[in-house]
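The structure appears below as structure tokens.
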Amino acid sequence: MSISTQSLEQAPFQNSFVEELKGEASRNKNPRQVPGYHYSRIEPTPVRDPHLLAWSDDLGGFLGLARPEERGPAVNALAGNLVTESMKPFAARYGGHQFGHWAGQLGDGRAISLGELTAVDGSTWEIQLKGAGPTPYSRRADGRAVLRSSLREFLCSEAMYYLGVPTTRALSLVGTGDKVVRDMFYNGNAQEEPGAVVARVAPTFIRFGNFQMMAVAGEKDNLRALADYVIKHHYPELGEPSPEVYMRWFEEVCRRTAVMIAHWMSVGFVHGVMNTDNMSILGLTIDYGPYGWLEPYELDWTPNTTDFSSRRYAFGQQPQVALWNLYQLARAIAPLVHEPEALRGSLDQYTKTLAETQHAMMLRKLGLTELNQEEDRALIEGLHEAMAESQVDMTIFFRRLSHAAPALIASSENQNALFQEIVQAASYGTSPEGEQMLHQWLQRYTDRLHQESADPEAIRESMLSANPKYVLRNYLAQQAIEAAETGDLSVLNRLMEVLKTPFAEQPEHDELATKRPDWARTKAGCATLSCSS
Ligand SMILES: Nc1ncnc2c1ncn2[C@@H]1O[C@H](COP(=O)(O)OP(=O)(O)OP(=O)(O)O)[C@@H](O)[C@H]1O
Ligand SMILES: [Mg+2]
């Protein structure tokens, strides 16, 4: 079946957000408070020389869009230089808790949505340009994004999608031809860097913070209208909005958030800045800023330099922080329900779903079917302890384990050598005691594996489909950035291709699945990042 595609500037946009919610009349871009409204109608600010750097073919095809030429009307639209008749661009008003403190009005300070497109399956998707210029929510900043952070957002959104993690997506990466000034790593040296715009795609970009903003401002009608909009368009199965439906909706948000966090934990993704304004109301990963991938397994690791002292958003904190954020959402929507205390029950739903999902995912990663829940829990707990103590590379460890499963089941005499080989493959050599623990755990695991009745090859195949070989290691993204800054897109293109099938062996790309090299351990951009670049 051939599906006809059109160029973006010809695509008909719908504008349900703008039409059904409340926008201020002023088109003024000056920074200001916008009480009483859900959004501001703001047009993107044109850039000097928009040119296409990357395009997501699969997503484009799904949206019925043709791959654009390097320069031309479609790329102009993706940069915000061309606003077509059917687009009604807007910046949303939201607030949020940043690092645990209420920060007041934040809003889309550099993201501007163009409207919604209908995909080939009939679903609708909001198209949002990040880095599209100032809005009333820009506060003291410039509304722009640098190539470095935009490339990271583009690549990682798509990589997460192909890993099966709930996420917003990225359609294009466009260079602007303009320079953006950034204080690169908060070292006091402002530098000029190339600017870029990412076109992001999600059913909606509404965050917990949109609800919090309405609630804190005492705008109950706006709060209800926003909830009704979200339910009508994104949770239609819950029925007509009512106090009972708001309760069930919150429970569903809790459930989806739990599933998202379980995915992050199972692949070693660290979001880096889980403020409530970066939590999607659909349970999608949103805002790929100072994120990172766990290399040595360390629960208190975070790539975010802004969070180095408190480590609030470190890897191991993510489950707790999501719960705290959901609690803030519960407080925000409390005025809509009859029994606000009952919202607490939904928070328990979060905890329960998270535990169940994480457990099921770990069983899959280990090639086990549930036999004795208690014992399996203890086995998994033991693995977490051994990984934390040994600080092995989680991705490599699980992948190596998958390949080794048939040999472990066969139980030859040189089992110890096999254990040693698995541990060495993933070790950064930081803790001999930890490696000893992992060794012992492997013995326990092997005994458990013997109780499985499936064919060993089938176990291996199933483990390989649960344990990715390729993830967007921090230094790989940095290499793609450094090349792209000199005009060389080959590293980016290669990563895009490889990360599309992260569970496939792709032996010609083995070097992209190796341990973090030593030089990347402390290098800026590879190990450390700051917010909002
Ligand atoms: N360069 C900038 N210009 C204007 N506003 C900005 C800029 N960088 C960040 N902001 C705003 O600061 C707030 C917090 O920033 P944060 O780093 O969470 O978001 P972001 O990376 O800009 O965007 P998003 O959450 O949409 O992915 C948001 O309101 C954001 O719009
Ligand atoms: Mg953000």
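The values are calculated or read from the model by the stated rules, or taken from the named source; none is laboratory data. Note that this is a predicted model, so its numbers are computed, not measured. Every residue, glycine among them, receives a Cβ derived from its backbone with ideal geometry; neighbour counts consider all protein chains shown.
Brief remarks on what is shown
- The single condition from (1) of a type in the set (A, V, I, L, M); (2) within 16 Å of ligand 2 (Cβ to nearest atom); (3) surrounded by fewer than 21 Cβ atoms within 10 Å (Cβ to Cβ) that Ala504 fails is (2).
- Restricting the stretch 462-488 to residues that are touching a Leu at 6+ places or on another chain (Cβ under 9 Å) and among the polar types (S, T, N, Q), the residue that is modelled with the lowest pLDDT: Asn474
- Scanning the stretch 3-25 for residues that are in contact (Cβ under 8 Å) with a residue 60 or more places away in the chain and either part of a loop (DSSP other than H, G, I, E, B) or in contact with a His (Cβ under 7 Å, 6 or more places away or on another chain) (or both) gives Ile3, Ser4, Thr5, Ser7, Ala11, Pro12, Phe13, Asn15, Ser16, Leu21, Lys22, Gly23.
- The single condition from (1) surrounded by 19 or more Cβ atoms within 10 Å (Cβ to Cβ); (2) out of contact with any helix residue (DSSP H, G or I) (no Cβ under 6 Å at 6 or more places or on another chain); (3) in a helix (DSSP H, G or I) that Glu375 fails is (1).
- Scanning the stretch 398-426 for residues that are of a type in the set (Gly, Ala, Ser) and more than 30 Å from the chain's Cα centre (by Cα) turns up Ala404, Ala405, Ala407, Ala410, Ser411, Ser412, Ala417.
- Reported count of residues in the stretch 384-407, each being closer than 21 Å to Ala513 by Cβ and part of a helix (DSSP H, G or I), is 16.
- Of the residues making up the stretch 282-320, those that are within 15 Å of ligand 2 (Cβ to nearest atom) and either hydroxyl-bearing (Ser, Thr, Tyr) or under 16 Å from the mean Cα position of the chain (by Cα) (or both) number 11.
- Within the stretch 232-281, considering residues that are touching a residue at least 60 places away in the same chain (Cβ under 8 Å) and assigned to a loop (DSSP other than H, G, I, E, B), the one farthest from ligand 2 (Cβ to nearest atom): Gly268
- Leu336 being modelled with pLDDT of 95 or more and surrounded by 19 or more Cβ atoms within 10 Å (Cβ to Cβ): yes
- Qualifying residue in the stretch 236-254 (condition: closer than 30 Å to Met387 by Cβ and buried (at least 22 other Cβ atoms within 10 Å of the Cβ)): yes
- Subset of the stretch 51-108 that is of a type in the set (Phe, Trp, Tyr) and within 16 Å of ligand 2 (Cβ to nearest atom) - its residue that is nearest to Met214 (Cα to Cα): Tyr94
- Residue in the stretch 273-281 that is at pLDDT 95 or above, touching a His at 6+ places or on another chain (Cβ under 9 Å) and surrounded by fewer than 21 Cβ atoms within 10 Å (Cβ to Cβ) present: no
- Selected residue (only one of Gly96, Gly60 is modelled with pLDDT of 95 or more, assigned by TED's automatic domain parsing to the domain that holds Ala170, under 21 Å from the mean Cα position of the chain (by Cα) and surrounded by fewer than 22 Cβ atoms within 10 Å (Cβ to Cβ)): Gly60
- Every listed requirement among (1) in a helix (DSSP H, G or I); (2) without any contact (Cβ under 8 Å) to a residue 60 or more places away in the chain is met by Cys526 save one, (1).
- Test: residue in the stretch 36-50 that is more than 22 Å from Ala145 (Cβ to Cβ) and of a type in the set (Lys, Arg): no
- Candidate set from the stretch 286-303 (those that are under 24 Å from Ile206 (Cβ atoms) and crowded, with 24+ Cβ neighbours inside 10 Å); member that is nearest to ligand 1 (Cβ to nearest atom): Asp287
- Of all the residues in the stretch 437-460, those that are surrounded by fewer than 15 Cβ atoms within 10 Å (Cβ to Cβ) and within 33 Å of the chain's Cα centre (by Cα) number 2.
- In the stretch 141-195, the residues that are within 16 Å of ligand 2 (Cβ to nearest atom) and of a type in the set (Gly, Ala, Ser): Ala141, Gly143, Ala145, Ser149, Ser150, Ser157, Ala170
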